[in-house]
1. Only counting other Cβ atoms within 10 Å, I'd like W43, W101 sorted with the fewest neighbours first.
2. Within segment 53-78, name every residue whose backbone N is under 11 Å away from a label modeled 7 Å from Cα of Q98 along the Cβ vector.
3. Which ordering of H109, H65, H120 is given by a fewest-first count of other beta-carbon atoms within 10 Å?
4. Antiparallel DSSP bridges in segment 42-106: what percent, to the nearest 5?
5. About the Cα centre of segment 91-137, what is the dipole size in debye to 20, counting +1 per Lys and Arg Cβ and -1 per Asp and Glu Cβ, all else neutral?
6. Order by neighbour count: C131, C49, fewest other Cβ atoms within 10 Å first, most last.
Amino acid sequence: MATVLACAGNGPKTQDMDWVYVAIRPPMVVQDGTSVNVYRRWWEETEDCLGMRYEFKRVMWIVAHTGDDSTFAMNGVRGFRGYTAGQPNGRVVIMLGQADWLNPEIVRHESVHAITGKAHGQLPEYVFIRCSLGEGP
């Protein structure tokens, strides 16, 4: 079981992540040998859309087990396809559901959160929509 320090509205807290399927780290290849170098391209497309930059190497990508509904639970709440958690040290953890880890729209959407450091309600929704759609795989 891994533990990550996540920032919540009421300050940092630890979350046990026993649902973690695999952590993706450079060279961005998961256990079955599938390359996910495309993440860097999707990240750069999102940066261009936002007109902002954030260091790609400061992100740890995690794929979470998903249920029959293709979502995972966070803090006992089911329904997440992706989740981004900032850490006090400036690093970011992006969690993607097993069903969506190669979905460019979900990856870009979580990248918007990571690059801007903003949650829903802190940015206009059209920013998430515009920058998540991109040009496709």
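Throughout, read-outs are computed from the coordinates displayed, never taken from laboratory work. Predicted model only: the values in this text are computed from it and were never measured. Heads up, the Cβs are rebuilt from the backbone with ideal geometry, glycines too, and the neighbour counts pull from every protein chain shown.
1. On the way: W43 22, W101 25.
Lowest to highest Cβ neighbour count: W43, W101.
2. 64-72
3. Details: H109 23, H65 14, H120 9.
Neighbour counts put them in this order, fewest first: H120, H65, H109.
4. Details: 8 of 14 bridges.
Just about 55 percent of them are antiparallel.
5. Its charge dipole is roughly 200 debye.
6. Details: C131 22, C49 18.
So the ranking, lowest neighbour count to highest, is C49, C131.
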